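As structure tokens, the structure follows; a few thoughts come after it.
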Amino acid sequence: MPSQFKALVVDDERTLRSVLRTCLTARNFSVEEASSAEEALNLLSQEKFDIVLLDINMPGMGGLEACRLIRGQAPQIGIVMATVRDAEADMVRALEAGADDYVTKPFRFGELVARLHAVLRRADPDRTPAPVLSIGNLEIDFDRRTLHRSGEEVRLTPTEFDLLALLMKNEGMPLTHAKLLSSIWGTEYRGEVEYLRSYVRALRKKIEDDPSRPRYLLTEPWLGYRFQNPLADGSQVEQ
């Protein structure tokens, strides 16, 4: 079977690059490696890639600067940055630098692949959203503005629907507080984080089996929210 996507893995640790090459190749990716940001930029100037997995902490040029240069060089390419676990400031900076998403080390391989595919879907210029989207036991009809959970209609206010629709359209992608607030309520609401949280709490009561332990509408600490398929693979890839 021919490879579907071409990925560039950028990390200064040879062992991790090798593990990622093996795992991603098994998932139908064609993989090239770069041990530095400088090498990655050189490869990107010579070859076309669909997505880059870029470590944030590398000797020489750092991942954030590389991300900004890659985004300027290839605006349509998907960029996923790898950060140290719990380094929330790095996560925010990665998105501000132009990354589409981030993953934390050590990688959960199933989650990594899901994140890569989510970025690739959004980066596809020919992709048009389906009028009806089913994720888990939820089905949203964007045209009719209805939501069903396990076949039963869930009543949403217009604003709740708009917020959930934006999150579901970007399944697997982290959306910042500012992005959600400005998209749904307008730029003047960009700082009203508690306002957003109240709507998220209301949505969780309507779509989650246990709102205190959400499986769909996940919090990205200090950053925003992510709509996740609860059936995503959670197998671990150790560094």
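Check cross-link reach from Lys6 to the aspartates and glutamates: straight Cα distance under 15 Å, and skip same-chain residues fewer than eight apart.
Reachable aspartates and glutamates: Glu32, Glu33, Glu47, Asp50, Asp124.
Looking only at GluC sites (Glu not before Pro) in DSSP loops with at most 15 other Cβ atoms within 10 Å, what is the longest site-free stretch of the chain? Mind dumping the intermediate values first?
Working: sites that count: Glu13, Glu47, Glu192, Glu238.
It runs 48-191.
Which value does Rg/Rh take for the chain over its C-alpha atoms, Rh per Kirkwood?
Details: Rg = 18.4 Å, Rh = 18.8 Å.
That ratio equals 0.98.
Is the C-alpha gyration tensor of region 5-123 telling us rounded, prolate or oblate? Criteria: a/c under 1.5 is rounded; beyond that, a/b larger than b/c is prolate, otherwise oblate.
rounded
Cα gyration tensor of region 132-227, axes a ≥ b ≥ c as square roots of the eigenvalues: rounded (a/c below 1.5), prolate (a/b > b/c) or oblate? Working shown, then result.
Details: a/c = 1.75, a/b = 1.42, b/c = 1.23.
Here region 132-227 falls in the prolate category.
Given a cut-off of under 8 Å on Cα pairs at least six residues apart, what relative contact order in percent is computed for the chain?
Working: 384 pairs, mean separation 36.6, N = 239.
In percent, rounded to a whole number, it is 15.
Among the lysines, which have Cα under 28 Å from the Cα of Lys179 when same-chain residues fewer than 8 positions away are ignored?
Excluding near neighbours in sequence, the set is Lys105, Lys169, Lys205, Lys206.
Each reported figure results from applying straightforward, stated rules to the coordinates on display, with no laboratory input. In this text, all values refer to a predicted model and were calculated from it rather than measured experimentally. When we count neighbours, we look across all protein chains shown, and the Cβ atoms used for this are built from the backbone with ideal geometry, even at glycine.
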